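The block underneath contains the structure these notes are about, expressed in structure tokens.
The values are calculated or read from the model by the stated rules, or taken from the named source; none is laboratory data. Keep in mind it's a predicted model, so treat the numbers as computed, not measured. Neighbour counts run over all protein chains shown; Cβ positions are idealised from the backbone, glycine included.
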Amino acid sequence: MIITFFVAADDAAATGALADGPGPGTDTATCGNFDVFFALGEWQAILDGNGNGAGGAAFVPDYPDVVASGDDTAMVLAVPPALERALVDADGPTLAATAEHWVREQAAEGQELDAELFTGVLGELAGLARTAAGTGGATYCRVG
């Protein structure tokens with residue numbers, strides 16, 4: 001499974017990435033082999049300071065909306081706005097700490113992932129979120 005993050009003007013434009021991915025010349029961040037649907041919510045929780053379950057009331061992250069899905073396994077998800085805002089505001093050390101925290105959580109569940117790789121993924125995703133914020137667009141993710 002290939003996961004490609006990208007920026008589009010709106011949901012209708014993002015839907016165009018369903019069949020073959022974002023068009024040529026589109027800035028992307030690509031990775032694979034993890035559950036991006038839940039990861040987006042977990043990253044938001046960690047960036048918002050709720051990743052350890054502390055703080056009283058249960059934290060309910062925003063999960064992505066499915067913008068488009070095909071007959072096969074491909075789909076386009078909208079990165080939740082709360083995560084976009086958190087990524088725009090995050091600096092490099094915060095993104096690295098988020099990746100390390102998330103990778104430790106995944107290891108506790110039996111999934112071995114590379115913190116350095118995901119620090120890079122979060123850095124690229126934050127760059128895309130900043131681009132989206134600067135252009136009035138939004139950040140999306142194609143899975144397939």
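Looking at (1) in a helix (DSSP H, G or I); (2) over 15 Å from the mean Cα position of the chain (by Cα); (3) within 21 Å of T131 (Cα to Cα); (4) in contact (Cβ under 8 Å) with a residue 40 or more places away in the chain, find the lone condition where P93 falls short.
(4)
Every residue in the stretch 1-20 that is small (G, A, S), part of a loop (DSSP other than H, G, I, E, B) and closer than 20 Å to T135 by Cα, please.
A9, G16, A17, listed by residue number.
Exactly one condition in (1) farther than 24 Å from E112 by Cβ; (2) modelled with pLDDT under 90 is false for G53; which is it?
Here G53 meets the rest and fails (1).
Based on this model, can you work out whether A96 counts as over 17 Å from N33 (Cβ atoms) and small (G, A, S)?
Considered against the rule, which asks whether it is over 17 Å from N33 (Cβ atoms) and small (G, A, S), A96 comes out as yes.
Within the stretch 118-144, which residues are out of contact with any helix residue (DSSP H, G or I) (no Cβ under 7 Å at 6 or more places or on another chain) and either among the aromatic types (F, W, Y) or not in a helix (DSSP H, G or I) (or both)?
Within the stretch 118-144, the subset out of contact with any helix residue (DSSP H, G or I) (no Cβ under 7 Å at 6 or more places or on another chain) is 120-121, 124, 127-128, 131, 134-137, 142, 144.
Result: G136, G137, R142, G144.
Take the stretch 69-90 and flag every residue that is aliphatic (A, V, I, L, M), assigned to a helix (DSSP H, G or I) and either at pLDDT 95 or above or surrounded by 18 or more Cβ atoms within 10 Å (Cβ to Cβ) (or both).
If the condition is that a residue be aliphatic (A, V, I, L, M), assigned to a helix (DSSP H, G or I) and either at pLDDT 95 or above or surrounded by 18 or more Cβ atoms within 10 Å (Cβ to Cβ) (or both), then L83, A86, L87, V88 are the ones that fit.
Hey, A107 hits all of (1) of a type in the set (A, V, I, L, M); (2) surrounded by 17 or more Cβ atoms within 10 Å (Cβ to Cβ); (3) more than 17 Å from T139 (Cβ to Cβ) but one; which does it fall short on?
For A107, the failing item is (2).
Here are the criteria: (1) touching a residue at least 40 places away in the same chain (Cβ under 8 Å); (2) within 19 Å of G32 (Cα to Cα); (3) surrounded by fewer than 15 Cβ atoms within 10 Å (Cβ to Cβ). Tell me which single one T135 does not satisfy.
(2)
Under 8 Å between Cβ atoms, at least 6 apart or on separate chains: pull out the pairs that start in the stretch 10-37 with a residue that is farther than 29 Å from Q111 by Cα and free of Cβ contacts under 8 Å to residues at least 24 places away in the same chain and end on any residue that is among the aliphatic types (A, V, I, L, M) and surrounded by 15 or more Cβ atoms within 10 Å (Cβ to Cβ).
So the pair list comes out as G16/A8; G23/A17; T26/V7.
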